[in-house]
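What follows is a short report on a single structure.
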Amino acid sequence: MTSGNKEEKDYDDEAKNKNEQPTCDSGDDVANESTTTAAATATATKSIASNFMRGKIILITGSNRGIGKAFVDTFISYGVSKIYAGVRDIISAKKITFDNKEYNNQDVVVIPIYIDMNDVNSIITASKQIEESGDRLDIVINNAGVLTRTCPLDNDCVKNLQYEMNVNVYGLINLAKYFSPILGRRRVIAAIANSSDSGSENECGGGNGNGNGGIFVQVNSVASLRCVIPEVSTYSASKAAAFSITQSLKKELWSKYGISVMSIHPGPILTDMIKEVSSTRFNNAPPPSIVAESLIDAIITNSGGDDNKQLPFMIYPDIKSKSLGKAYQSFAEIVHEQGNAYAE
Ligand SMILES: NC(=O)c1ccc[n+]([C@@H]2O[C@H](COP(=O)([O-])OP(=O)(O)OC[C@H]3O[C@@H](n4cnc5c(N)ncnc54)[C@H](OP(=O)(O)O)[C@@H]3O)[C@@H](O)[C@H]2O)c1
């Protein structure tokens, strides 16, 4: 079955057009000025981001390759203090990745931790390990995911959907269940600090609308919003289910623990996973670092570095996903952000 159908080509062309820069006919000075302003803004944002990230402790699942590895590298470059790098094979991940010289001379501590999203016991054990260490987590990123090339009429469709549901959906539910209380501890610590300042106490679980419970990030996909080709039918179904759970988590984790939930929806990104879809078609897809940078940008641009603010829900990191996000925007604003699903 071919994946190069008209719908996809239109989608590619649309994204390409959006990428074209308007021509500037008012001379080099204006162009130079806007380049200088853009560079100054980027430097200022990087500096706010580095201040925000300093001292933070982060857990990332599926962190040994692809987008997960890019999260590790990017957070290191912003100066976080510790990363719990969720992997399925600690020894090889250490050898290939975390013992590399790129991690030397850094102030950050990278601790590989065994997490198999298909095994709830590994999630429970990892959560206990972190809890017992006394560390508070600031950000949890559920990045691990699997994809099979499966059309709805294929013989192994149900089996493959089950496999993707196990990792992409049930894994998410278990991770949120066992790690939210650890993220939420942040809020208790803040409440204790505040109560000694002002005499008032913020109850954890009281749903008082304050944040401070940290950030839970789910790596979803454009496939959560639409299934573009039959070959990714089961993957898209699992990612749509994961997005549905993420929407519920957004409300539940905020009211119970003051945790901001963010849902990232990348388009094709150049990793092993996209090569499963096509070995050649996505050779020009953006690198995984674009996903990590877009998350940090969304956190900083919207919070201004303030830990208490609820953050934007849906993030579109690359040109293709931004194009889809634009089409989805008014629906998302009314339904996801304001919660008014039904017109009066
Ligand atoms: N690449 C894209 O175009 C794209 C687009 C949209 C969304 N995404 C999403 O981005 C996330 C990362 O994808 P990627 O492109 O970086 O994929 P990838 O290169 O295939 O890497 C997948 C990662 O998930 C881990 N993983 C797989 N099964 C696991 C399990 N049962 N328990 C724990 N970890 C497991 C893998 O670890 P092992 O090395 O142990 O297998 C690996 O670290 C996924 O959620 C994916 O759905 C990707």
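Every number in this text was worked out from the coordinates using simple rules, so none of it is lab data. Because the structure is a prediction, the values reported are computed rather than measured. Because the Cβ atoms are built from the backbone with ideal geometry, glycine has one as well, and the counts that use them run over all protein chains shown.
What distance in nm lies between label points placed 7 Å from Cα along the C-beta direction at Asp297 and Lys251?
Result for the modelled spin labels: 3.1 nm.
For Ile91 paired with Asp107, estimate the spin-label separation in nm (one decimal), with each label point 7 Å from Cα along the Cα-to-Cβ line.
Placing both labels 7 Å along Cα→Cβ, they lie 3.5 nm apart.
Please compute the length gained on full extension between Met165 and Ile48, using 0.36 nm multiplied by the number of residues separating them and subtracting their Cα-Cα distance.
Taking Met165 through Ile48 to full extension adds about 38.3 nm, to one decimal.
Can you pull out the chymotrypsin sites (Phe, Trp or Tyr not before Pro) in segment 248-344 that DSSP calls coil and that have at most 10 other Cβ atoms within 10 Å?
Listed in order of number, the matching sites are Tyr342.
Amide H to amide H under 5 Å from Met262: which residues, 5+ apart in sequence or cross-chain, H placed 1.01 Å off N in plane?
When sequence neighbours closer than 5 places are left aside, the close amide H contacts are Phe216, Val217, Gln218.
Between Glu337 and Gln129, what FRET efficiency follows from the Cβ-Cβ distance if R0 is 25 Å, with the result rounded to 0.05?
0.10
Give the distance, in whole Å, between the Cα centre of segment 155-186 and the Cα centre of segment 252-331.
The distance from the Cα centre of segment 155-186 to that of segment 252-331 comes to 19 Å.
Check Ile111: other-chain or 5+ apart residues with amide H under 5 Å from its amide H, H built from backbone geometry?
Amide H to amide H, under 5 Å and 5 or more residues apart or across chains, Ile111 pairs with Ile83, Tyr84, Ala85.
Of Lys46/Lys320; Lys56/Lys251; Lys177/Lys320; Lys94/Lys251; Lys94/Lys322, which ones are farther than 26 Å apart at the Cα?
Those over the limit are Lys177/Lys320; Lys94/Lys251; Lys94/Lys322.
Give me the extension gain from Lys326 to Thr37: residue separation times 0.36 nm, minus the current Cα-Cα distance, reported in nm with one decimal.
Gain in length upon complete extension: 101.5 nm.
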